[in-house]
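Okay, so here's the structure we're looking at.
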Amino acid sequence: MEIWNRHFECMERDELRRVQGERLRETVERVYFNVPYYRNKMQEAGLAPENIQTIEDIVKLPFTTKNDLRDTYPFGMFAVPMSEIVRLHASSGTTGKPTVVGYTRNDISTWSEVMARTLTSAGADRNDFIQIAYGYGLFTGGLGLHYGGEKIGASVIPVSGGNTNRQLQLMHDFGTTVLACTPSYALHLAEAIEESDIDINELKLKTGVFGAEPWTENMRREIEHKLKVKAIDIYGLSEVIGPGVAFECMEQKGLHISEDHFYPEIIDPETLQVLPEGSFGELVFTTITKEGLPLIRYRTRDLTSLNHKKCNCGRTLVRMDKCLGRSDDMLIIRGVNLFPSQIESVLLEMSEIKPHYRIIVDRVNNLDTIELQVEVDEEFFQDKISQLQSLREKLLENLESAIGLGIKVTLVEPKTIERSEGKAQRVIDKRKF
Ligand code: DLL
């Protein structure tokens, strides 16, 4: 399998740490002298740039959070004058103002580089047709994939998200080989193909690069089976750069982080201490080459662990485990911690059920309630009421044994739960805190 940048992707770890230290030192200097917000924070912590010499010194630095970006909205944490910024993106966020990110020309080139690594790692090259069904616009998905696709010389089809019929037509007529979109939209496209006149075997699809939301191994199997592709997980966040932060290789055993650009740590979200290698916790990134919006120890809220073992693909870049939840996605129901992905995993193990679901959380008489609405397979839905009843009971049992919590289950008719064209919104939390 090809590797886009063998020098950095397969670098000896000692050498990589030396590079990381050097780049960290430069970044700290840059933020100290150009971003008053960071200078103040460092001074408060009694730190000057010369206190940061090697990558080990990173633990001395204060953390950055999304709130820091909100407090300095829109451009307060940029480290260059606006005349150097050639692109702005923003992530909408569920509440309040968006988080704004700015790129210099060099940042765009770094982004294209890490996306070229991502696509090459998924097996794509200049002979591929990449259909980009991530949204174009302020969201980083569309343009991130776009620049990477062009960099590797593939034929890029910038269709953006939505308009499912046209997606299928282009996929068929242009001979798309690589599909890029969220896993929930991939599933929707797969079902739309089943219902169309197109025979899946006529399509040339071979790979999917799916990300921007959590998805379980069971969901991967479902998509691979239905779309007849190898489904590769790609991870990123706007604040750090967008997609391209981490990517799976053909081994599908964790996502390689482009750590020559983004230095990862795992911390305990309560104590903020760095956890020993292999521990599960909150992922934190320091960007060590970015110019427009460098971030020091940015708390992602994403929960995962890091694996430093060398991968069979030959890359030495550390791997993060598939990320199945964020600390702020975690529901606490009557004291039990629950991630939506745990429910998804159970659903995908039952063939009578479709992985289209919605979780509704509420509080009635001071007690948390949780309802799962899930679609039943078309054929099964025609069956007798008694059969549906026993299906419901089976599902309840499986859920209870997997998550240790009684959940109200409502089986709904096929195709009644809204399909997502971008990031799926699966939880509706009506509780008022
Ligand atoms: O979602 C960037 C992206 C675009 C990644 C296209 C991959 C593909 P944001 O909108 O800022 O950026 O959302 C970032 O989405 O902190 C995670 O919680 C979640 N996320 C992104 N990729 C994955 C993934 C883009 N592969 C937030 N698995 C992140 C799980 C993911 N969660």
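The values are calculated or read from the model by the stated rules, or taken from the named source; none is laboratory data. From a predicted model like this one, the values you see are computed outputs, not experimental measurements. Ideal geometry is used to build each Cβ from the backbone, glycine not excepted, and the neighbour counts take in all protein chains shown.
Only residues that are acidic (Asp, Glu) and crowded, with 19+ Cβ neighbours inside 10 Å were counted across segment 242-256, and they come to 1.
Of the residues making up segment 328-342, just one is within 10 Å of the ligand (Cβ to nearest atom) and polar (S, T, N, Q), namely 341. In the set (1) surrounded by 23 or more Cβ atoms within 10 Å (Cβ to Cβ); (2) under 12 Å from the mean Cα position of the chain (by Cα); (3) among the charged types (D, E, K, R), residue 259 fails one condition alone, (2). I'd like the full set of residues that are within 16 Å of the ligand (Cβ to nearest atom) and either among the acidic types (Asp, Glu) or touching a Ser or Thr at 6+ places or on another chain (Cβ under 7 Å) (or both), limited to segment 117-129. Within segment 117-129, 117, 122, 124 meet the criteria. Within segment 224-236, if we keep just the residues that are farther than 22 Å from residue 102 by Cα and touching a residue at least 24 places away in the same chain (Cβ under 8 Å), the residue that is nearest to the ligand (Cβ to nearest atom) turns out to be 233. The sole residue among 375, 393 that is surrounded by fewer than 16 Cβ atoms within 10 Å (Cβ to Cβ), among the acidic types (Asp, Glu) and not in a loop (DSSP other than H, G, I, E, B) is 393. For the condition modelled with pLDDT under 95 and within 16 Å of the ligand (Cβ to nearest atom), residue 91 qualifies. Assess whether residue 239 counts as being charged (D, E, K, R), within 10 Å of the ligand (Cβ to nearest atom), farther than 24 Å from residue 342 by Cβ and crowded, with 16+ Cβ neighbours inside 10 Å. Answer is yes for this residue. Screening segment 220-272 for strands (runs of 3 or more DSSP E) wholly inside it with 1 or more residues that are more than 30 Å from residue 106 (Cβ to Cβ) returns the ranges 230-237.
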